[in-house]
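Only one structure is covered here, and it is reproduced in the block below.
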Amino acid sequence: METGRSLVDAVRERCGRCSGRSVSICNVIDDEDLPALVAESSRVTVPAGRCFIREGAPAHDFYVLAGGRAKLFSLMPDGRRQVMGFAELGDFLGLASSDTYAFTAEALGDVTLCRFPHSSIDRLVERFPRLRGRLQQEASSELVKMQARLMLLGRKTARERLASFLVEQASPCRLHGQELRDGHGPLTLPLPMSRTDIADYLGLTIETVSRTFGLFRKEGLITVQGASSVTLLAPGTLSDMANGIRKD
């Protein structure tokens with residue numbers, strides 16, 4: 001807990017410089033009420049490759065991603081891994097947790113988090129009723145993502161899966177409400193996750209993912225800069241492919 005002058009400084013340092021506030025649950029809290037938000041939370045920095053949520057561990061805290069990206073995955077009893085998603089700026093993690101976490105979260109590069117104990121969220125919801133609605137939006141968004149993921153893994157081809165992944169990664173880079181269309185110029189995306197991570201997310205082998213990246217390059221849909229960046233040259237075409245409009 002922060003008090004007095006240290007709380008004012010914490011609000012200025014954390015919330016004043018937080019690029020994720022406008023897209024996180026914090027966006028329903030007015031500026032004058034930010035001290036209450038800061039008093040109920042703590043700032044955490046996690047280095048690259050470190051886990052800050054572990055599957056099966058007691059679920060005591062929620063997290064808001066205030067900087068960086070994180071990989072979310074689950075392990076099967078035989079050691080096989082399923083990557084469930086890639087958290088980005090403003091994402092709220094741990095909402096569906098009950099007594100234990102259902103996934104592991106690992107930092108992709110250095111990550112900055114705001115950590116909220118469960119009891120803190122309960123107090124904040126009681127004090128700021130709009131926060132309850134915002135958390136319900138988060139839960140609804142998770143359900144939509146789950147339904148889309150079932151479609152991706154159950155019905156889509158390898159090309160459609162990779163196209164879906166690239167379009168999904170492009171979403172934070174475009175203006176709100178603007179569709180991806182060809183002719184609007186190239187769109188460069190950071191991809192901090194490995195090709196193995198992408199393969200585990202899409203339910204494909206790494207060989208298939210690498211081959212499909214190669215095909216997209218040959219077809220003039222993308223260019224690749226090293227292992228951590230890709231430029232979409234035809235985002236509209238990729239979006240059509242992801243939606244099954246453009247056939248293989």
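Just so it is clear, none of the values below were taken in a lab; they were calculated from the coordinates. None of the values given here were measured: they were computed from a predicted structure. Cβ: placed from backbone, ideal geometry, glycine included. Neighbour counts: every protein chain shown.
Tabulated results
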{"item": "Two-decimal ratio, region 156-242, of alpha-carbon radius of gyration to 2.2 N^0.38 Å", "result": "1.00"}
{"item": "Euclidean distance of C-alpha centroids, region 31-69 and region 9-30, integer Å", "result": "13"}
{"item": "Over region 44-116, volume per residue of the alpha carbon convex hull, in Å³", "result": "78"}
{"item": "Loop trypsin sites (Lys or Arg not before Pro), region 45-124, which have at most 16 other Cβ atoms in a 10 Å radius of their Cβ (DSSP)", "result": "50, 54, 80"}
{"item": "For the chain, with +1 on Lys and Arg beta carbons and -1 on Asp and Glu, the positive-most of 225, 112, 18 along the dipole", "result": "225"}
{"item": "Equivalent ellipsoid semi-axes - Cα gyration tensor, the chain, angstrom", "result": "34, 20, 17"}
{"item": "Amide H contacts under 5 Å for residue 110, placed H, 5+ residues apart", "result": "48"}
{"item": "Convex hull per residue volume in Å³, alpha carbons only, for region 1-144", "result": "108"}
